[in-house]
Amino acid sequence: MEKLLEIKNLTKKYHEGTSESKAVDNVSLDVERGEFVVIMGASGSGKTSLLHLIAGIDESDEGTLKYFLTDRTDGENCPSAGLHNLHALLSRGIRRKTTKNTCQIMNTDFAHMNEKAKTIFRRENIGIVFQQQCLIPDLTVYENIMLPMMLANRPASKSYPAAGKHPASKNYPAAGTHPAHRRNSARDSGKDIILSLCSQFGLEEHLWKYPSQLSGGQQQRAAILRSVVNKPPLLLCDEPTGSLNSSQTKLVMDLLNDLNQNGQTIILVTHDMKVAVRGKRVIYIEDGRIEGELRFPESEPADTGRDGHDDREHRLIFFLQKRGW
Ligand SMILES: Nc1ncnc2c1ncn2[C@@H]1O[C@H](COP(=O)(O)OP(=O)(O)OP(=O)(O)O)[C@@H](O)[C@H]1O
Ligand SMILES: [Mg+2]
């Protein structure tokens with residue numbers, strides 16, 4: 001397997017007055033491309049803090065965090081429109097390997113990036129679903145979801161292969177399948193995808209509303225769609241189903257499993273066992289430290305087989321109970 005993320009001895013400290021606490025304490029973790037890693041742990045154990053370090057939103061006090069990512073243009077126009085700024089902005093810590101068909105950014109350590117480079121890196125490579133939804137209040141639901149496509153200036157037709165070729169095609173109908181389709185425009189195709197996703201996720205009546213006019217669950221679903229719409233190589237989800245009922249949770253997890261099967265790497269924080277069993281590996285965090293790991297067998301598909309899930313759930317309960325859950 002190919003490594004996507006390498007975390008070594010990562011520590012994040014908070015200071016209050018004279019006292020110091022470690023929200024993330026000497027964490028080391030490798031994440032392979034195509035993994036679906038679930039992070040569990042009690043409230044306050046450091047899950048969100050770790051996710052924020054992985055996203056480069058917060059800075060660590062000690063340790064290293066490196067990405068090994070392929071240029072999303074697949075070398076078509078290397079250096080690409082999306083990445084030329086990044087290459088210019090990154091000062092050190094980068095080895096860039098260019099071959100005929102691929103262009104890789106290797107050894108990307110957040111410690112060596114300035115804020116602007118981090119922002120571009122995130123925009124190109126990471127989709128984030130925050131614990132608090134963080135939709136932009138002055139944009140409508142539609143505009144919020146469309147925003148990553150517009151920022152990346154990435155035609156949706158490139159992000160979403162046509163139906164039939166794509167294993168997840170049931171979730172992403174090709175341009176032309178939606179009644180609102182107009183031909184030969186990437187923007188229109190992006191619009192179709194968003195309309196189609198919103199209709200599947202029960203947001204079609206709320207497209208032109210502002211986040212403050214939505215319920216918590218509706219905001220959460222909009223935030224999830226916004227994070228996946230560009231198909232970033234890495235998806236970070238912090239309790240993405242916390243405000244959803246069980247059928248909406250299933251819908252979201254079906255989508256995440258589809259994306260994962262199609263190659264996207266996912267790191268997801270949850271307290272919900274039914275969500276956790278949809279991953280491939282569960283990491284348990286206590287007081288900022290990794291205290292255990294449970295791997296589900298590769299042969300077991302995460303998104304099918306009710307019986308398989310029961311079995312997974314039993315194993316997970318046993319794993320968690322041994323750690324005082
Ligand atoms: N900005 C901050 N300043 C000081 N302490 C913080 C800050 N953010 C988080 N903490 C502390 O760091 C620890 C880990 O917090 P974190 O939000 O990562 O927990 P969590 O595992 O995500 O919890 P939950 O399941 O409730 O979301 C907690 O003790 C919290 O109080
Ligand atoms: Mg949290």
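Each reported figure results from applying straightforward, stated rules to the coordinates on display, with no laboratory input. As the structure is a prediction and not an experimental result, all values here were calculated from the model. Reconstructed Cβ throughout: ideal geometry from the backbone, glycine too, with neighbour counts over all protein chains shown.
For this structure, a couple of remarks:
- Theoretical gain in end-to-end length, Lys8 to Ala42 [0.36 nm per residue, Cα-Cα removed]: 10.0 nm
- Additional length obtainable on full extension of the chain from Glu291 to Asp311, 0.36 nm per residue less Cα span: 5.0 nm
- Cα→Cβ-extended label distance, 7 Å offset, between Met150 and Ser28, nm: 4.5
- Pairs exceeding a 23 Å alpha-carbon distance, out of Lys191/Lys280; Lys116/Lys191; Lys116/Lys209; Lys8/Lys280; Lys8/Lys47: Lys191/Lys280; Lys116/Lys191; Lys116/Lys209.
- Here the calculated FRET efficiency for Asp109 and Lys274, from their Cβ-Cβ distance with R0 = 41 Å, stands at 0.70, rounded to the nearest 0.05.
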